[in-house]
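> Submitted below is the structure of interest, expressed as structure tokens.
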Amino acid sequence: MSGEEKQVCVNCGQEYEVSPHMATCPDCGWIICPICGACICTLTPSAKIAAIAMWLSEMGNQVPEDVRQGWLKFLRITSGRRRKLGE
Ligand SMILES: [Zn+2]
Ligand SMILES: [Zn+2]
């Protein structure tokens with residue numbers, strides 16, 4: 001562990017430092033932004049999909065494979081019958 005983990009808020013776009021004491025949302029498991037108080041639930045469905053897809057590509061191999069798979073599953077469920085997002 002580096003102890004200097006940073007995350008960019010999906011709502012306000014500001015970078016914040018992740019600490020183990022931070023609150024996470026009981027519904028989505030996302031860290032609640034200390035700046036604006038947003039988590040994934042506060043976004044619209046299409047914004048959620050975009051935010052998660054962007055986060056996964058930004059984080060790249062920093063995202064553990066099981067976490068990535070979990071989010072990809074979430075994306076599939078959230079996007080439902082919408083047409084597939086372009087790669
Ligand atoms: Zn924020
Ligand atoms: Zn949430």
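Only the coordinates and a few stated rules stand behind these numbers; no lab work does. These numbers come from a predicted model, not from an experiment.
> Using 0.36 nm times the number of residues separating residue 68 and residue 27, minus their current alpha carbon distance, what extension gain do you get?
Between residue 68 and residue 27, full extension yields an extra 13.0 nm.
> What's the Cα-based Rg to Rh of the stretch 1-40, Rh via Kirkwood?
0.94
> Could you tell me, in Å, what Rg and Dmax come out for the Cα atoms of the chain?
Over the chain's Cα set, Rg and Dmax evaluate to 13.0, 40 Å.
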